[in-house]
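What follows is one structure encoded as structure tokens, with my remarks underneath.
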Amino acid sequence: MTLIAIGINYNTAPVSIRERFAFPAEILNQALQQLSQTQTITEAAILSTCNRTEFYYESETDDQKILVDWIAESRQIDPADFTPYLYSYQDNQFIRHIFRVACGLDSMILGEPQILGQMKTAYQAAYEAGTLGKYLGKLFQHTFSAAKKVRTDTEIGSSPVSVAFAAVQLAQQIFDKLSEQTALLIGAGETIELTARHLHQQGVRKIIIANRTYDKAHNLAAQFNGYAIALSELPKHLAEADIVVSSTASTLPILGKGLLESAIKKRKHKPIFMVDLAVPRDIEAEVAQLNDVYLYTVDDLQNTIDENMNSRRQAAEQAEEIIDTQVEHFLGWLRSQGAQTTIKDYRLQAEMIREQVLQKSLSQLNNGVAAEEVLKRLAHGLTNKLIHTPSIQIREAGINERPDLVAAAREIFKLQN
């Protein structure tokens, strides 16, 4: 039995390869069932995200060409097109790898939490497809426990490293209560969505989203009980905003000094906190000259991000130590599985001996032998039969100069020296 992981990720393969390697949810069940029916493969799971696709499987051999050939056929890719990008792990290395992936230690953003949810989705898909067995099923459960321990015992996820969160973190330092503030977000891309999500989680009073495409802004604002406006409506709504975060793909500034001067007058010089996350900038640099505007750029937030990354790196060192321990725990479980067959066979042998002695004793009772005498014979006979084979084997070990077996016998039977 061999546990194997084979995959590609953002470090080893360009997106042009990763997208051809991906397994969308709608084909995952069928793919898993086909994979588990492949020669020598007895258990299988597939983790497929935008940054990685990994195949976890238990095989009767360590021949990885079997999986490579299956991938080529399944995704209609020439093996020569993807094998240079593959990495593989086996047994101990595989166990460590899956733990590190689940903890975010192998992610593009160190310590990011989304990968654990994606790992759980991969487990659920394999469970529903019926392709998990004793070993992979146990490994996934142990993986989730290890990830939970890392999250609980370290600070790996407590120092956000996205510019979106850094912006919200800075807003919290400037305003006593975000629940009393209105946020105007310009753009509708991933960064603005993350910013809206963080602001909503922190209880900001109102979210307004402005975008060139109104429908896109409306769909995003609806997720956070906000409302959308067109970019052309910015002059009318800018004075409402206590917090302005902008991240568009515009090649020219969207907010100029004159527009902000008008908004400040309408606000009766109540300050505005502004963050320009766009490159090129969405907000004219001259806006920073206004007394009642606090303008920050993506470069200003970099210090916060760098500090948080350093904190995560320190936590990652602690996480690696936890993973070392968890790997040993799982390896101990694996080793114990090798002994289970021996224990089972030994119990079966003992039960057969017991049944033989018991039947003989019952026959003696039926023939009128006194119960006390039958019990004595039963105890004597059972003892002799149980120790007969081990005694012969220990004696043979002594004759054949195998002190290791004699020492093992003393340890197994807990014999005092």
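Quick look at the numbers
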read-out: Pair TYR85, SER311: separation of 7 Å Cα→Cβ label points (nm); value: 3.5
read-out: Low-density loop positions, GluC sites (Glu not before Pro), region 375-415 - DSSP coil, at most 16 other Cβ in 10 Å; value: GLU401
read-out: Theoretical ellipticity at 222 nm over the chain - DSSP helices of four or more residues, -39500 (n - 2.57) apiece, nearest 500; value: -18500 deg cm²/dmol
read-out: Segment TYR294-GLU26, length gained on full extension (0.36 nm per residue, minus Cα span); value: 91.7 nm
read-out: Distance (nanometres) between label positions extended 7 Å along Cα→Cβ at LYS265 and ASN92; value: 7.5
read-out: Debye intensity ratio in log₁₀ form over the Cα atoms of region 345-412, taken at each q of 0.12 Å⁻¹; value: -0.45
read-out: Modelled FRET efficiency - R0 45 Å, ASN11 with THR383, Cβ distances, 0.05 increments; value: 0.10
read-out: Rg ratio (alpha-carbon, reference 2.2 N^0.38 Å) - region 2-153; value: 0.96
read-out: Inter-site label distance for GLN318 and GLU286 at 7 Å from Cα along Cβ, in nm; value: 5.0
read-out: Estimated FRET transfer efficiency when R0 is 51 angstrom, pair ALA407-GLN33 (beta carbons, to 0.05); value: 0.55
read-out: For region 1-70 and region 338-390, distance of Cα centres in Å; value: 52
read-out: Top positive-direction residue, dipole computed over region 345-412 with Cβ charges, set GLN359, ALA371, ILE392; value: ALA371
read-out: Kirkwood Rh, angstrom, region 73-165 [1 / mean 1/r, Cα pairs]; value: 15.1
read-out: Max mean-square fluctuation residue, GNM over the chain, Cα-Cα springs under 10 Å, options GLY338, GLY137, GLY189; value: GLY338
read-out: Gaussian network model of the chain, springs between alpha carbon atoms under 10 Å - residue of LEU86, LEU362, LEU110 with greatest fluctuation; value: LEU362
read-out: Crossing angle, helix 190-201 versus the chain [Cα axis fit, 0-90 degrees, rounded to tens]; value: 80
read-out: Farthest positive-ward along region 2-153 dipole, Cα basis, beta-carbon charges - from PHE55, ILE8, GLN93; value: GLN93
read-out: Selection of trypsin sites (Lys or Arg not before Pro), region 264-315, meeting DSSP coil and at most 11 other Cβ within 10 Å; value: LYS268
read-out: Percent of Cα pairs exceeding the 24 Å cut-off, where the set is region 277-408; value: 70
read-out: Residues with amide H under 5 Å from that of VAL244, placed H, sequence gap 5 or more; value: LEU184, PHE273, MET274, VAL275
read-out: Share, in percent, of DSSP beta bridges within the chain that are antiparallel, nearest 5; value: 45
read-out: P(r) of region 273-353 over all Cα-Cα pairs, binned every 10 Å from zero, in whole percent; value: 14, 19, 15, 13, 11, 10, 8, 7, 3, 0
read-out: Neighbourhood net charge (10 Å Cβ-Cβ; Lys/Arg +1, Asp/Glu -1) for ILE208; value: -1
read-out: Pairwise Cα inverse-distance average, inverted: Kirkwood Rh of region 126-228 (Å); value: 16.4
read-out: Calculated FRET value between SER179 and SER145, using beta carbons and R₀ = 35 Å, to 0.05; value: 0.40
read-out: The chain - Rg and Dmax from Cα coordinates, angstrom; value: 33.1, 116
read-out: P(r) weight above 27 Å for region 204-363, C-alpha pairs, percent; value: 55
read-out: Reciprocal of mean inverse Cα separation for region 202-287 (Kirkwood radius, Å); value: 13.5
read-out: Check: the chain dipole with +1 on Lys, Arg Cβ and -1 on Asp, Glu Cβ, in debye; value: 1200
read-out: Tilt relative to the chain, helix 403-412 - C-alpha long axis, 0 to 90 degrees, to 10; value: 70
read-out: Magnitude of the charge dipole, region 253-355, Cβ model with Lys/Arg +1 and Asp/Glu -1, debye to 20; value: 600
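All of the numbers you see were taken from the coordinates with simple rules; none came from a lab. Please read these numbers as outputs of a predicted model, since none were measured by experiment. Note: ideal-geometry Cβ built from the backbone for every residue, glycine included; neighbour counts use all protein chains shown.
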